[in-house]
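The values are calculated or read from the model by the stated rules, or taken from the named source; none is laboratory data. These numbers were taken from a predicted model, which means no experiment stands behind them. Positions of Cβ are backbone-derived with ideal geometry, glycine not excepted, and every protein chain shown enters the neighbour counts. Only protein heavy atoms, including side chains, enter the accessible area calculation; ligands, DNA and RNA are left aside. Shrake-Rupley method; radii C 1.70, N 1.55, O 1.52, S 1.80 Å.
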Amino acid sequence: MTINRRQALQAGIALILPGVALAQAEWPAAKPITYVVPFTPGGSTDIVGRTLAQKLGESLKQSVVVDNRPGQAGGIGAAYVAKAAPDGYTLFGGTISTHAINASLYRKLPYDPVKDFEPVCLTARLPNVLIVNTQLGVNSVAELVALLKKDPSKRNFASSGAGTSTHLAGEMFADAIGVKLTHVPYKGTPPAMTDVAAGLVPFMFDQVTAALPLVQSGKLKLLAVTTGKRIALQPQLPTMIEAGLPGFEMSSWQAVYAPKGTPRPIVQRLNAEIVKALRQPDVKDKLEGQLAMEIVASSPEELRDFMAQEIPRWAELVKKSGATAD
């Protein structure tokens, strides 16, 4: 049998790189996939990650294990994934923090949000709400602003971590009302909200669904939503703009990434499976109906273009506010 030059070259490459060829050919059969969530369990990033992990496990016929690695506004988990093998077996639940805000908030970030990752899919956008401890005795944004201007002891706000959208929402609020506020960062939403409910910190910005159980128990109160329009889950809540703060508009977001160098066919397959999962009725009901998220389901290219807009946008706010996490 005659072998032409092209066949010989292909055979030579296969001999030189048998591990690479085998990994791509067998993906994802070789081992379970790890989905790294860079925040504590129970928050929105964790819920999205676990929802997608279950659906990907079903469609790919392979276990997808969620690995929570909180800290540094998601930076610890991001740095871990940035150094992982680009073989399709490590995914990352990225956010506005890890892949936009952190780039300007930290002087020595242990990863590059653009150079160290392959964009896979922008999954969803989600609103934040202004949440106060009920014992403050305020029932509107205007009343909270009046209290903050009058009482310096109330000028602390909690967040799910330095560099998160909940942190920057607080900085934006301080700038909008002309009052210097002190940021109190936590390692995730649950501990931050627990302390706000206990009255240890007066208020915070965070996702609406995380606050609802404590709102229903009478420990927390919602004052306004940070998006440009009201949300269906809490239609009575005014926007921050409606509450008297012109131009106050922001949304957090969730996305999936893989380590830089992950083979294109694997990225495309992951994107297709994630988009398919996000369009399933039970996922739409959970994320949109129960968590007030807006499902996006983008292509990898759309996520890359979106980041190119978000990174400079948040860099401008960080510079203006003087916020830092170092």
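Computed over the chain, the alpha-carbon pair-distance distribution with 10 angstrom bins reads 6, 26, 32, 20, 9, 4, 2, 1, 0, 0, each value a whole percent.
Sorted by accessible area (1.4 Å probe), largest first, how do Tyr89, Tyr186 line up? Working shown, then result.
Values: Tyr89 10, Tyr186 45 Å².
Descending accessible area places them as Tyr186, Tyr89.
Strictly over 32 Å apart at the Cα level, which of Lys31/Lys115; Lys149/Lys319; Lys115/Lys149; Lys221/Lys260; Lys229/Lys276; Lys115/Lys219 would you flag in this model? Over 32 Å apart, Cα to Cα: Lys115/Lys149; Lys221/Lys260; Lys115/Lys219.
Rounded to the nearest 0.05, what FRET efficiency do Leu222 and Gln309 give with R0 = 30 Å and r taken as the Cβ-Cβ distance? Could you check? Please report the intermediate quantities before stating the final value.
Values: r = 29 Å, r/R0 = 0.97.
Rounded to the nearest 0.05, the efficiency is 0.55.
Run a plain Debye calculation on region 49-152 (Cα atoms as equal point scatterers, no solvent) and give log10 I(q)/I(0) at q = 0.11, 0.17, 0.18 Å⁻¹, rounded to two decimals, same order as the q list. Taking Cα atoms of region 49-152 as identical point scatterers yields -0.53, -0.88, -0.93. With all protein chains in place and ligands, DNA and RNA left out, the 1.4 Å accessible area ranks Arg279, Arg69, Arg50 as Arg279, Arg50, Arg69, largest first. The three principal axes of the Cα atoms in region 95-228 give end-to-end lengths of 48, 30, 28 Å, sorted in falling order.
Annotation: per residue accessible area for the chain equals 45 Å², rounded to a whole number [probe 1.4 Å, protein chains only]. Neighbours of Lys55, meaning other residues whose beta-carbon lies under 13 angstrom from its beta-carbon, give a summed charge of +3 when Lys and Arg score +1 and Asp and Glu score -1. Applying 1/(1 + (r/R0)^6) with r as the Cβ-Cβ distance of Gln236 and Glu294 and R0 = 22 angstrom yields a FRET efficiency of 0.70. In order along region 92-106, the Karplus-derived 3J(HN,Hα) couplings, from 6.51 cos²θ - 1.76 cosθ + 1.60 at θ = phi - 60°, round to 10, x, x, 9, 4, 6, 5, 10, 8, 5, 4, 4, 10, 7, 9 Hz, and Gly and Pro are given as x. Thr90 sits with roughly 20 Å² accessible to a 1.4 Å probe, with DNA, RNA and ligands left out of the calculation. Treating each Cα of region 142-294 as one equal point scatterer and applying the Debye formula with no solvent, the log10 of I(q)/I(0) at q = 0.09, 0.12, 0.21 Å⁻¹ comes out as -0.36, -0.61, -1.42. Label sites at Glu249 and Ala142, each approximated as a point 7 angstrom past Cα along Cα to Cβ, lie 2.3 nm apart. In order along region 190-201, the Karplus-derived 3J(HN,Hα) couplings, from 6.51 cos²θ - 1.76 cosθ + 1.60 at θ = phi - 60°, round to x, x, 5, 5, 4, 6, 5, 5, 7, x, 6, 10 Hz, and Gly and Pro are given as x. These residues, Arg155, Arg304, go from largest to smallest accessible area, 1.4 Å probe, as Arg304, Arg155.
Full extension of the segment from Arg279 to Ala85, taken as 0.36 nm per residue of separation minus the current Cα-Cα distance, would add 66.9 nm.
Put simply, the amide H of Val201, placed in the peptide plane, has neighbours under 5 Å in Val196, leaving out anything fewer than 5 places away on its chain. Modelled spin labels at Gln54 and Lys286, positioned 7 Å past Cα toward Cβ, are 0.4 nm from each other.
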